Amino acid sequence: MLLALAALVAAGVLVAALRPGPERRGGVSVAAVGDARAAAATPQAAPVPCPACDQDESYWRRLTQVAPPPLLGKSAALIEGECGRQLYGVDSHSRRPPASLAKIATALVVAENARLSDVVDVTVNGWELSVRDGSTIMGLEAGMRLTVEELLWGLLLVSGNDAAVQLAEHLGGEQRFMKLVEGKVEALGLRDTRFANPHGLDAPESYTSAFDVAVLGRALLGTPVLREIVSTQFHPAAWNGRGLWNGNWLMYIYPDVVGVKTGFTEAAGGTIVAAVERDGRLLIASVLDSADVFYDSIRLFDWAFANLDPAC
């Protein structure tokens, strides 16, 4: 069932049949927020995992004799949310295309460098992007006036490439913005990551690893406003009169999911960073180049919560 679900999502059939979903168009809106809300959303520093931990794909052997499940993905990582320790990995430091997981880094940089209540005069035409390169969009049109927070909802829930481009323009243009992204990657100690653009469309010089995107997901969950967005199934819309559904379908088929982001391109295959918080314990899983990221995520979480004691 999950394999079929993923195939439908990739083809856009499920999205058209049900509602705006993974990697497809949608609408988004939130009320403009005040300065106090913006200040409260200042990201919390996420400690960089210890160097001795981040290379240990087999740490799970210290915790259980129950072998991990086979996965469809070519790379995977599982980390503790509390301390960032890697519990398990499959080729977790190999460099692969990120697809829309690049938007996690984009969101972090925006949250750190822009005010949520800033009003942006939109210059990007999302429909043109969609026709030109198949971009997933939130539906921006030149002349709109949206807040930074509204653009973040469009970026993370419907994976809007138009939102990514507009947010980069708001912070000085793509070239300057990608320098900020590069600085964030370095600050988190990510050795196998480089993003060439703010949206994640395939580019030869754009890559990441399963471990690195899991760490990025952990950093996002440490940012209150971003955690609120990725943990929301449905968000009402005011600017276009429609609602916005979360494109992470794991939210609807598995308990206790609190985010984070899915992606797909032809070069990257299916990608995901997923987080589950259960009985006070947060686990973060990532899978790259998979035929069914939801299947892989569920198998990892089922195994980990049943067999691995907390490692922090």
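List of remarks:
- In this structure, residue 116 does not satisfy being within 22 Å of residue 260 (Cα to Cα) and assigned to a helix (DSSP H, G or I).
- Taking the criterion of being more than 17 Å from residue 235 (Cβ to Cβ), of a type in the set (Gly, Ala, Ser), in a loop (DSSP other than H, G, I, E, B) and at pLDDT below 95, the residues of the range 122-174 that qualify are 134, 135.
- Any hit, the range 99-109, residues being assigned to a loop (DSSP other than H, G, I, E, B) and either polar (S, T, N, Q) or at negative phi (or both): no
- When the residues of the range 204-223 are filtered to those that are within 18 Å of the chain's Cα centre (by Cα) and part of a loop (DSSP other than H, G, I, E, B), the one that is farthest from residue 275 (Cα to Cα) is 206.
- Of all residue pairs spaced 6 or more apart or on separate chains, those with beta-carbon atoms under 7 Å, a first member in the range 299-312 that is under 11 Å from residue 63 (Cα atoms) and a second member that is exposed (fewer than 14 other Cβ atoms within 10 Å of the Cβ) and at pLDDT below 95 are 307/66.
- Meets criteria (at negative phi, aliphatic (A, V, I, L, M) and surrounded by fewer than 20 Cβ atoms within 10 Å (Cβ to Cβ)) for residue 144: yes
- Test for residue 242: is it closer than 20 Å to residue 77 by Cα and part of a loop (DSSP other than H, G, I, E, B): no
- Note on the range 273-300: residues that are crowded, with 21+ Cβ neighbours inside 10 Å and not hydrophobic (A, V, I, L, M, F, W, C) amount to 7.
- Under the condition of being touching a His at 6+ places or on another chain (Cβ under 8 Å) and hydrophobic (A, V, I, L, M, F, W, C), the residues counted in the range 83-109 number 1.
- Among the residues making up the range 267-312, those that are over 20 Å from the mean Cα position of the chain (by Cα) and either β-branched (Val, Ile, Thr) or assigned to a helix (DSSP H, G or I) (or both) are 302, 303, 304, 305, 306, 307.
- Selection status of residue 57, at pLDDT 95 or above, acidic (Asp, Glu) and surrounded by 15 or more Cβ atoms within 10 Å (Cβ to Cβ): no
- Among the residues listed as 191, 227, 242, the single one being surrounded by fewer than 23 Cβ atoms within 10 Å (Cβ to Cβ), among the basic types (Lys, Arg), over 26 Å from residue 57 (Cβ atoms) and more than 13 Å from the chain's Cα centre (by Cα): 242
The values are calculated or read from the model by the stated rules, or taken from the named source; none is laboratory data. Just so it is clear, the model here is predicted, and its values are computed rather than measured. Every residue, glycine among them, receives a Cβ derived from its backbone with ideal geometry; neighbour counts consider all protein chains shown.
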